[in-house]
């Protein structure tokens, strides 16, 4: 029985989660090979092991050709001709298009099911926040290629690392406001707050940190896949610890700590 404990003392994002998994020993080449089964191009994965506050960990990123929030970068056929990579496909940012992309992949059934569940969870929150039908939600963070790779990558990582159970500490978020394309958003951001409705995901808010620490991707991952929240397991043996670095300037140690436990059945 392999249990992964997420110590989210400084929030959680897809990049932080994958950084922590790589720091635990996730095979970077195996991750890239699995993500090729999505059949999309136009991105590169990067990892760097470095020290922050004299603690070593891993920084992970998805670099999309042309910059962030670029939409899908793929080749597909329409009306008898090909629309090549590099164009913005705004119609490819709806939930059904993303689910269809995942369904058409060669990923395992478990990865497909988990990734679709996370996207659907975030889409439902966005639909409520923006007061529109689920089918009409245009994704911002989540619809971009980098976030699709992030979310599917998280699900792939759990499978490659043979994680049987995912548990977490209470999450920590910041406060204040962040600036986005549409103006200012309060922290926690509206989609993250909406995902708290009807859930038991505990969040502690730090009023001394004026930025977002929990992204919609991070919250979707936690709400969908974490089975329980609380302290470190007392009845299992920790075998390895990994740190995935975030990119927020918090004035402190911005990382997600992942602890791998093994318990003999």
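What the table shows:
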| read-out | value |
| --- | --- |
| Beta bridges by DSSP in the chain, antiparallel share as percent, to the nearest 5 | 70 |
| Degrees separating the helix 145-160 axis from the principal Cα axis of the chain, which is the longest one | 50 |
| Percentage relative contact order, the chain, counting C-alpha pairs under 8 Å, at least six apart | 34 |
| Helix 14-24 vs. the chain, principal-axis angle (Cα, 0 to 90°, nearest 10) | 50 |
| Ranked packing of 45-57, 179-191, most packed first, by mean Cβ within 10 Å | 179-191, 45-57 |
| Most to least packed among 193-200, 144-151 [average Cβ atoms within 10 Å] | 144-151, 193-200 |
| Estimated FRET transfer efficiency when R0 is 45 angstrom, pair residue 28-residue 264 (beta carbons, to 0.05) | 0.95 |
| Pair-distance profile P(r), taking every C-alpha pair of segment 146-205, with 10 angstrom steps and integer % | 17, 34, 39, 10, 0 |
| Sequence ranges 226-234, 256-264, ranked by mean other-Cβ count within 10 angstrom, highest first | 256-264, 226-234 |
| Label of the coordinate-derived value, Rg/Rh (Cα atoms, Kirkwood Rh), listed as [x] 0.95; [y] 1.18; [z] 1.04 | [x] |
| Degrees, to the nearest 10: 109-130 long Cα axis against longest axis of the chain | 80 |
| Per-residue [θ]222 nm for the chain (sum of -39500 (n - 2.57) over DSSP H runs n ≥ 4, rounded to 500) | -9500 deg cm²/dmol |
| Cα point-scatterer Debye curve for segment 119-249, base-10 log of I(q)/I(0) at q = 0.15 Å⁻¹ | -0.82 |
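Read the figures in this text as sums done on the coordinates, not as results from a lab. A quick note: this is a predicted structure, and the numbers were derived from the prediction, not measured. Counting neighbours? That spans all protein chains shown, and the Cβs are built from the backbone with ideal geometry, glycine included.
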